[in-house]
Amino acid sequence: MIRSIIVGSGAAKPRNVVTNAELEKRVETSDEWIRQRTGIEQRWIAEDDETTASLGENAARAALKDADLTPDDIDLIILATSTPNNTFPASAVEIQNRLGMTHGAAFDMQAVCSGFVYALTTADAFIQAGQAKRVLVIGSETFSRILDWEDRTTCVLFGDGAGAVVVERGDGVGMSNDRGILTSHLRSDGSHKDKLFVDGGPSTTGTVGHLRMQGRDVFKHAVAMITDVIEDAFSATGLNADDIDWFIPHQANKRIIDASAKKLNIAPEKVVMTVAEHGNTSAASIPQAIDVAVRDGRLKKGDLVLLEAMGGGFTWGAVLVRW
Ligand code: UT7
C-alpha cells in the first residue's frame, strides 16, 4: 500500500529574540508569572523585513536540503498559516515563486494552531489519491503582527517562526511497522469560536484585527480534546503509549503538554518540548519541534512519533507517523 514518508525537515527563526524580562518593560507582567503559567522563557519576533513567506521559504529550503531534493522534485506545497502575507494570494504561492517553481500547485491551509496537523493529513490524502508524489508541508507564522501588545493575557504567549517537512510517496505493507503516516484524525467544533479568535477580517471589519483569547476556557478544553483524539489514533492502529518513541505536541503551554502526557501515560523523557525557547508559534510549532529533535539526534529513522495539536475554532487532531 501507499505510505506518505517524511524524508526531510527544516526550520527558520526570525533574527530577534525577546525575553520575558524585555516584556516586563512593555506590559504589567513578570518573568516568574510567564514561566510558572506557561513554561515560556523567550520567543523570536519578526522584524519588518521578515514575513510568513520569507520564514516559510527559509524553512522549506532547509527541509529540501535535508531531503537532498530541489524544488523541481516537489509537486505540491501546502502552507499552514493564520498570518499570511496578504489576504490573497495564498502565501504558499509566494513561497512557490520564491523557490523558483512554476510547476505544480500551492495553497494555504487555515486551522490556526492545528494547521500543521491538518496540512500533513491533507498531504497524505493527496499522496494516497495519486495526485501528488512529493509534498512540501510548511507551517509558518508571524503572530506578533496580530497580537494586541497592550494585552498581557495574550502578548506574552506567542512567537514567530517556521518549520517544514518533505513528504514522499513510498510503499508499505499496511502494518504499524511501515515507515510513514500510519493514521491521522482531525476534529473541529465551531461552537467554541469565541474562545480564541481574531477580531477582524476582510469580510467583517475590513481590518486585520487582533488575537483574543479566553485562556482559562481554552486550557480547560485542551487536555480532554487532545487526549480524546490521541486515543482515536491508538485504537485505529492498535498502538499505545508504550510504543511511542517521541511525543511532539503543539507547543502552547508546558502545563497542557505535561498534563496530556500524564493522562496518556507517556513518559516525560519521550516528550519533545520547545515552548521555553519558541513560545507558541501556532502552525509552526510542531515542525519547528520536529526539526529540533532531528538536529539534536533524538529523532531517528524507524522511530514512532505522535503529533498532536489543538487551537482556535476549536480545531484539533493527531497523527501517528513512523520516521
Ligand atoms: O495554541 C492555542 C491554544 N492556546 C492555549 O492552549 C492557551 C491555553 N491557555 C493557557 O495556556 C492559560 O490559560 C494561560 C497561560 C493563558 C493563562 O494561565 P492561567 O493559569 O489560566 O491564568 P488565568 O487566565 O486564570 O489568570 C490568572 C491571573 C489573572 O489575575 P486574577 O484575575 O487572578 O487577579 C490574570 O489577570 O493572572 C493574571 N495574568 C497575568 N499576570 C501577569 C494574566 N496574564 C498575565 C501576565 N502576567 N502576562
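Values quoted throughout were computed directly from the atomic coordinates according to the rules given, and no laboratory measurement underlies them. Not measured: the values here are computed from a predicted model. Here the Cβ positions follow ideal geometry from the backbone for every residue, glycine too, while neighbour counts run over all protein chains shown.
In this simple spin-label model, placing a label point 7 Å from the Cα along the Cα-to-Cβ direction at both Met1 and Asp194 gives a separation of 4.3 nm. Take the convex hull of the alpha carbons in region 180-322; its mean projected area over all directions comes to 9.1 nm².
So if the hydrodynamic radius of region 2-171 is defined as the Kirkwood radius over C-alpha pairs, what does Stokes-Einstein give as its diffusion coefficient at 20 °C and 1.002 mPa s, in µm² per second? If you can, show how the numbers build up before the last one.
Details: Rh = 16.6 Å.
Taking Rh from Cα pairs, D becomes 129 µm²/s.
In the chain, helices alone account for a calculated mean residue ellipticity at 222 nm of -9500 deg cm²/dmol, with every DSSP H run of four or more residues adding -39,500 (n - 2.57). Peptides 252-258, 91-97 ordered by packing proxy, namely the average of other Cβ atoms within 10 Å per residue, highest first: 91-97, 252-258. DSSP bridge analysis restricted to region 59-210 gives an antiparallel fraction near 50%, rounded to the nearest 5. According to the Cα-based calculation, Rg over Rh for region 122-168 is 1.26, with Rh computed by the Kirkwood formula. The packing ranking, built from the mean of other Cβ atoms within 10 Å per residue, places the peptides 189-201, 298-310 in the order 298-310, 189-201, highest first. Work out, in µm²/s and without decimals, the Stokes-Einstein translational diffusion coefficient of the chain at 37 °C, 0.692 mPa s, Rh from Kirkwood over C-alpha pairs. Estimated via Stokes-Einstein, D reaches 169 µm²/s. Each part gets one Cα centre, and for region 201-267 versus region 9-41 those centres are 21 Å apart. Spin-label pair Arg216-Ala276: with each label point 7 Å from Cα along the Cα-Cβ axis, the two points sit 2.9 nm from one another. Taking every alpha-carbon pair under 8 Å whose residues sit at least 6 apart, region 2-171 reaches a relative contact order of 36 percent. Listed values for region 191-202 are Karplus-derived 3J(HN,Hα) couplings in whole Hz (6.51 cos²θ - 1.76 cosθ + 1.60, θ = phi - 60°), namely 5, 9, 3, 6, 7, 7, 7, 10, 7, x, x, x, and x replaces Gly and Pro.
Each label was represented as a point 7 Å from its Cα along the Cα-to-Cβ direction; for Thr204 and Thr153 these points are 1.7 nm apart.
Express the relative contact order of the chain as a whole percentage, based on alpha carbon pairs under 8 Å and six or more residues apart in sequence.
On the way: 805 pairs, mean separation 83.4, N = 323.
Answer for the chain is 26 percent.
Calculate the tail of P(r) for region 273-315: the fraction of all Cα-Cα distances greater than 15 Å, expressed in %. Summing the P(r) of region 273-315 above 15 Å gives 48 percent of all pairs.
For region 300-306, putting each phi into the Karplus relation 6.51 cos²θ - 1.76 cosθ + 1.60 with θ = phi - 60° gives couplings of 10, 3, x, 5, 8, 10, 10 Hz, in residue order, rounded to whole numbers and with x for Gly and Pro. With both residues required to sit in the chain, DSSP beta bridges show an antiparallel share near 75%.
Pairwise inverse Cα distances across region 1-50, averaged and inverted, put the Kirkwood hydrodynamic radius at 13.7 Å. Amide H contacts of Gly8: Val166, each under 5 Å away and 5 or more positions distant or on a separate chain (H built 1.01 Å from N in the peptide plane; Pro and chain starts excluded).
Measuring nothing but how far apart in sequence close Cα pairs (under 8 Å, 6+ apart) lie, relative to its length, region 195-286 scores a relative contact order of 23 percent. Stokes-Einstein, applied to the Kirkwood radius of region 166-208 over Cα pairs at a viscosity of 1.567 mPa s and 4 °C, places its translational diffusion at 87 µm² s⁻¹. Per-residue packing, averaged as other Cβ atoms within 10 Å, sorts the ranges 115-127, 54-66, 5-17 into the order 115-127, 54-66, 5-17, beginning with the highest.
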